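Undergrad: Sharing a structure with you now.
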Amino acid sequence: MKTMKATVFHGANDIRVEEVNRPHAGAGEAVIRVTLTTICGTDLHIVRGEYPVKPGLIIGHEPVGVIEELGPGVTGYKIGDRVRVKLIHTDVERGFIDFARD
């Protein structure tokens, strides 16, 4: 199985970059190779232990990246498209593509 690097929460003030199994796209999903992301307020609350999550959670969201795999039923996108993930939801939108192409 392919792996990828991810930021994994282990407890308050304990996050680590680890190799984890790369997910596969299910129906209506896409796997995105992250090329840029940032830390937001939610991430800070998680790291500080102020927002309850279970150890082992992969944290970080709102990334920009390239579609590597599309699941059944995904339309309007193709492998290689540059996209951004909208908030903490799993749906993608193309509004950031022009900026990300540069």
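Undergrad: What is the list of residues in segment 48-74 whose amide nitrogen lies under 16 Å from a point 7 angstrom out from the Cα of A12, following Cα to Cβ?
TA: Residues 48-55 fall inside that zone.
Undergrad: Does a label point 7 Å from the Cα of E69, set along Cα-to-beta-carbon, have any residues of segment 1-38 with amide nitrogen under 19 Å, and which are they?
TA: 1-7, 18-35
Undergrad: With a Förster radius of 35 Å, plug the Cβ-Cβ distance of Y51 and I79 into 1/(1 + (r/R0)^6) and report the FRET value to the nearest 0.05.
TA: On the way: r = 34 Å, r/R0 = 0.97.
The value I calculate is 0.55.
Laboratory data are not the source of any read-out in this text; all were calculated from the coordinates shown. Predicted model only: the values in this text are computed from it and were never measured. Note: ideal-geometry Cβ built from the backbone for every residue, glycine included; neighbour counts use all protein chains shown.
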